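Here is the structure we will look at.
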Amino acid sequence: MGENKERMLAGDWYIPDDEDLRRESEHRAELCAAYNTAARSPAERREILGQLLGSLGERVRIRAPFHCDFGSYISIGADTFVNFGAVFLDAAPITIGADVQIGPNVQLVTPTHALDPERRRAGWERGLPIVVGDNVWLGAGVIVCPGVTIGENTVVGAGAVVTRDLPAGVLAVGNPARVVRALDGRDAVPPPASG
(Lines give C-alpha, C1' and ligand atoms only; values in the text may rest on other atoms or scores of the structure.)
Protein backbone atom coordinates (compact mmCIF):
# COMPACT_ATOMS: atom_id res chain seq x y z
CA MET A 1 0.00 0.00 0.00
CA GLY A 2 1.33 3.42 -0.95
CA GLU A 3 2.12 6.11 1.62
CA ASN A 4 -0.65 8.44 0.42
CA LYS A 5 -3.30 5.73 0.63
CA GLU A 6 -2.12 4.89 4.16
CA ARG A 7 -2.36 8.57 5.08
CA MET A 8 -5.85 8.85 3.53
CA LEU A 9 -7.13 5.80 5.42
CA ALA A 10 -5.71 7.23 8.67
CA GLY A 11 -7.55 10.55 8.09
CA ASP A 12 -4.28 12.45 7.64
CA TRP A 13 -3.35 14.95 4.93
CA TYR A 14 -2.33 13.16 1.73
CA ILE A 15 -1.66 13.76 -1.96
CA PRO A 16 -4.25 11.85 -4.03
CA ASP A 17 -1.68 11.09 -6.73
CA ASP A 18 -0.97 7.54 -5.52
CA GLU A 19 -0.78 4.39 -7.63
CA ASP A 20 -3.01 2.39 -5.24
CA LEU A 21 -5.60 5.17 -5.13
CA ARG A 22 -5.50 5.53 -8.92
CA ARG A 23 -6.05 1.77 -9.35
CA GLU A 24 -9.02 1.81 -6.94
CA SER A 25 -10.49 4.82 -8.71
CA GLU A 26 -10.20 3.13 -12.11
CA HIS A 27 -11.90 0.01 -10.75
CA ARG A 28 -14.67 2.20 -9.29
CA ALA A 29 -15.09 4.00 -12.63
CA GLU A 30 -15.63 0.67 -14.39
CA LEU A 31 -18.21 -0.49 -11.81
CA CYS A 32 -20.07 2.86 -11.84
CA ALA A 33 -20.17 2.81 -15.65
CA ALA A 34 -21.59 -0.72 -15.57
CA TYR A 35 -24.13 0.23 -12.89
CA ASN A 36 -25.26 3.32 -14.76
CA THR A 37 -25.94 1.39 -18.00
CA ALA A 38 -29.70 1.49 -18.46
CA ALA A 39 -29.94 -2.05 -19.88
CA ARG A 40 -28.95 -3.76 -16.58
CA SER A 41 -31.48 -5.91 -14.71
CA PRO A 42 -32.19 -5.28 -10.99
CA ALA A 43 -30.24 -8.44 -10.08
CA GLU A 44 -27.21 -7.30 -12.11
CA ARG A 45 -27.35 -3.84 -10.55
CA ARG A 46 -27.47 -5.37 -7.04
CA GLU A 47 -24.46 -7.54 -7.86
CA ILE A 48 -22.50 -4.52 -9.11
CA LEU A 49 -23.39 -2.52 -5.98
CA GLY A 50 -22.20 -5.45 -3.87
CA GLN A 51 -18.83 -5.27 -5.61
CA LEU A 52 -18.67 -1.47 -5.50
CA LEU A 53 -19.76 -0.59 -1.96
CA GLY A 54 -18.16 -1.53 1.33
CA SER A 55 -21.46 -2.61 2.89
CA LEU A 56 -24.93 -2.87 1.37
CA GLY A 57 -28.08 -3.55 3.38
CA GLU A 58 -31.10 -5.49 2.16
CA ARG A 59 -33.54 -3.79 -0.21
CA VAL A 60 -31.29 -0.75 -0.87
CA ARG A 61 -32.34 1.04 -4.06
CA ILE A 62 -30.03 3.45 -5.87
CA ARG A 63 -31.24 5.07 -9.08
CA ALA A 64 -28.68 5.62 -11.82
CA PRO A 65 -26.67 7.64 -12.42
CA PHE A 66 -24.68 7.13 -9.23
CA HIS A 67 -21.10 8.34 -8.77
CA CYS A 68 -18.50 7.87 -6.03
CA ASP A 69 -14.74 8.20 -5.47
CA PHE A 70 -13.93 4.65 -4.37
CA GLY A 71 -17.19 3.01 -3.23
CA SER A 72 -15.45 0.65 -0.82
CA TYR A 73 -15.63 3.26 1.97
CA ILE A 74 -19.44 3.59 1.70
CA SER A 75 -21.88 1.66 3.95
CA ILE A 76 -25.62 1.82 3.33
CA GLY A 77 -28.23 0.36 5.70
CA ALA A 78 -31.31 -1.67 4.80
CA ASP A 79 -34.32 -0.15 3.04
CA THR A 80 -32.48 3.03 2.05
CA PHE A 81 -33.43 4.81 -1.18
CA VAL A 82 -31.02 6.99 -3.17
CA ASN A 83 -32.54 8.97 -6.03
CA PHE A 84 -31.00 10.00 -9.38
CA GLY A 85 -27.67 11.81 -9.61
CA ALA A 86 -26.15 11.06 -6.20
CA VAL A 87 -22.46 11.88 -5.76
CA PHE A 88 -20.74 10.26 -2.75
CA LEU A 89 -17.07 11.27 -2.51
CA ASP A 90 -15.67 8.70 -0.07
CA ALA A 91 -12.06 9.67 0.66
CA ALA A 92 -13.20 8.93 4.24
CA PRO A 93 -15.98 6.59 5.37
CA ILE A 94 -19.57 7.48 4.49
CA THR A 95 -22.00 5.64 6.75
CA ILE A 96 -25.71 5.81 5.88
CA GLY A 97 -28.22 4.21 8.22
CA ALA A 98 -31.36 2.20 7.53
CA ASP A 99 -34.59 3.60 6.05
CA VAL A 100 -32.86 6.75 4.77
CA GLN A 101 -34.43 8.72 1.91
CA ILE A 102 -31.93 10.60 -0.29
CA GLY A 103 -33.38 12.96 -2.89
CA PRO A 104 -32.07 13.60 -6.40
CA ASN A 105 -28.66 15.25 -6.90
CA VAL A 106 -27.57 14.91 -3.27
CA GLN A 107 -23.83 15.18 -2.60
CA LEU A 108 -22.02 13.61 0.36
CA VAL A 109 -18.50 15.06 0.21
CA THR A 110 -15.77 13.85 2.59
CA PRO A 111 -12.64 15.46 1.01
CA THR A 112 -11.44 18.80 2.27
CA HIS A 113 -8.51 20.79 0.92
CA ALA A 114 -5.83 22.88 2.60
CA LEU A 115 -6.75 26.52 3.21
CA ASP A 116 -3.13 27.54 2.70
CA PRO A 117 -2.81 28.36 -1.04
CA GLU A 118 0.63 26.76 -1.41
CA ARG A 119 -0.46 23.46 0.16
CA ARG A 120 -3.69 23.53 -1.85
CA ARG A 121 -1.76 24.14 -5.08
CA ALA A 122 0.50 21.20 -4.14
CA GLY A 123 -2.64 19.02 -3.98
CA TRP A 124 -2.93 18.25 -0.25
CA GLU A 125 -6.32 17.01 0.93
CA ARG A 126 -7.82 14.85 3.64
CA GLY A 127 -11.13 13.12 4.18
CA LEU A 128 -13.44 13.59 7.15
CA PRO A 129 -16.16 10.94 7.69
CA ILE A 130 -19.86 11.57 7.12
CA VAL A 131 -22.53 9.74 9.13
CA VAL A 132 -26.25 9.84 8.24
CA GLY A 133 -28.47 8.29 10.93
CA ASP A 134 -31.44 5.96 10.49
CA ASN A 135 -34.66 7.33 8.98
CA VAL A 136 -33.10 10.60 7.77
CA TRP A 137 -34.56 12.37 4.74
CA LEU A 138 -32.18 14.49 2.64
CA GLY A 139 -34.18 16.61 0.19
CA ALA A 140 -33.24 17.27 -3.42
CA GLY A 141 -29.86 18.89 -3.96
CA VAL A 142 -28.66 18.70 -0.35
CA ILE A 143 -24.89 18.96 0.10
CA VAL A 144 -23.34 17.37 3.20
CA CYS A 145 -19.83 18.67 3.91
CA PRO A 146 -16.82 16.80 5.32
CA GLY A 147 -16.97 15.60 8.91
CA VAL A 148 -20.74 16.03 9.39
CA THR A 149 -23.01 13.70 11.40
CA ILE A 150 -26.79 13.89 10.93
CA GLY A 151 -28.86 12.39 13.75
CA GLU A 152 -31.62 9.85 13.20
CA ASN A 153 -35.12 10.96 12.14
CA THR A 154 -33.83 14.35 10.93
CA VAL A 155 -35.12 16.00 7.75
CA VAL A 156 -32.88 18.31 5.71
CA GLY A 157 -34.76 20.56 3.29
CA ALA A 158 -34.03 20.74 -0.44
CA GLY A 159 -30.93 22.68 -1.41
CA ALA A 160 -29.52 22.89 2.13
CA VAL A 161 -25.76 22.88 2.67
CA VAL A 162 -24.95 20.98 5.88
CA THR A 163 -21.67 22.30 7.27
CA ARG A 164 -22.10 21.21 10.92
CA ASP A 165 -23.56 18.25 12.80
CA LEU A 166 -27.36 18.11 13.11
CA PRO A 167 -29.06 16.50 16.11
CA ALA A 168 -31.68 13.76 15.92
CA GLY A 169 -35.31 14.56 15.17
CA VAL A 170 -35.11 18.06 13.70
CA LEU A 171 -35.95 19.91 10.51
CA ALA A 172 -32.99 21.84 9.08
CA VAL A 173 -32.98 24.14 6.04
CA GLY A 174 -30.83 26.74 4.33
CA ASN A 175 -27.23 27.56 3.50
CA PRO A 176 -25.67 26.90 5.86
CA ALA A 177 -28.30 24.50 7.17
CA ARG A 178 -29.84 25.55 10.47
CA VAL A 179 -32.37 23.83 12.68
CA VAL A 180 -35.79 25.47 12.39
CA ARG A 181 -37.75 23.14 14.66
CA ALA A 182 -37.95 19.80 16.38
CA LEU A 183 -39.95 17.03 14.73
CA ASP A 184 -42.34 15.45 17.19
CA GLY A 185 -44.51 13.24 14.99
CA ARG A 186 -47.35 15.74 14.57
CA ASP A 187 -46.63 15.72 10.83
CA ALA A 188 -47.51 12.03 10.61
CA VAL A 189 -50.07 11.02 7.99
CA PRO A 190 -53.36 10.17 9.71
CA PRO A 191 -54.76 6.68 9.17
CA PRO A 192 -57.49 6.44 6.50
CA ALA A 193 -61.03 6.98 7.72
CA SER A 194 -62.98 3.79 8.17
CA GLY A 195 -66.29 3.55 6.53
Residue 120: passes all of (1) touching a helix residue (DSSP H, G or I) at 6+ places or on another chain (Cβ under 9 Å); (2) closer than 27 Å to residue 3 by Cβ but (1)
The residue that is modelled with the highest pLDDT, considering only those in segment 12-44 that are charged (D, E, K, R) and in contact with a helix residue (DSSP H, G or I) (Cβ under 6 Å, 6 or more places away or on another chain), is 20
| query | Does residue 97 satisfy being modelled with pLDDT of 95 or more, crowded, with 18+ Cβ neighbours inside 10 Å and farther than 20 Å from residue 52 by Cα? | reply | no
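Here's the yes/no breakdown for (1) more than 26 Å from residue 179 (Cα to Cα); (2) among the aliphatic types (A, V, I, L, M):
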site	(1), (2)
86	no, yes
93	no, no
123	yes, no
130	no, yes
140	no, yes
155	no, yes
158	no, yes
So, first residue at pLDDT 95 or above in segment 61-83, second residue in a strand (DSSP E or B) and among the small types (Gly, Ala, Ser), Cβ within less than 6 Å, six or more apart or across chains; the pairs are 66/86; 75/55
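Please verify whether residue 45 is part of a helix (DSSP H, G or I), over 20 Å from the mean Cα position of the chain (by Cα) and not acidic (Asp, Glu), treating the condition exactly as stated. Full working, then the answer.
Values: part of a helix (DSSP H, G or I): yes; over 20 Å from the mean Cα position of the chain (by Cα): no; not acidic (Asp, Glu): yes.
Taking the combined requirement at face value, the residue does not satisfy it.
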When segment 23-77 is checked residue by residue, the ones that are among the charged types (D, E, K, R), farther than 28 Å from residue 135 by Cα and exposed (fewer than 14 other Cβ atoms within 10 Å of the Cβ) are 23, 26, 30
Note on segment 99-155: residues in contact with an Asp or Glu (Cβ under 6 Å, 6 or more places away or on another chain) and of a type in the set (Asp, Glu) are 99, 134, 152
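The values are calculated or read from the model by the stated rules, or taken from the named source; none is laboratory data. Here the structure is a predicted model, which is why all the values come from computation and not from measurement. Glycine also receives a Cβ, built like all others from the backbone with ideal geometry; neighbour counts cover every protein chain displayed.
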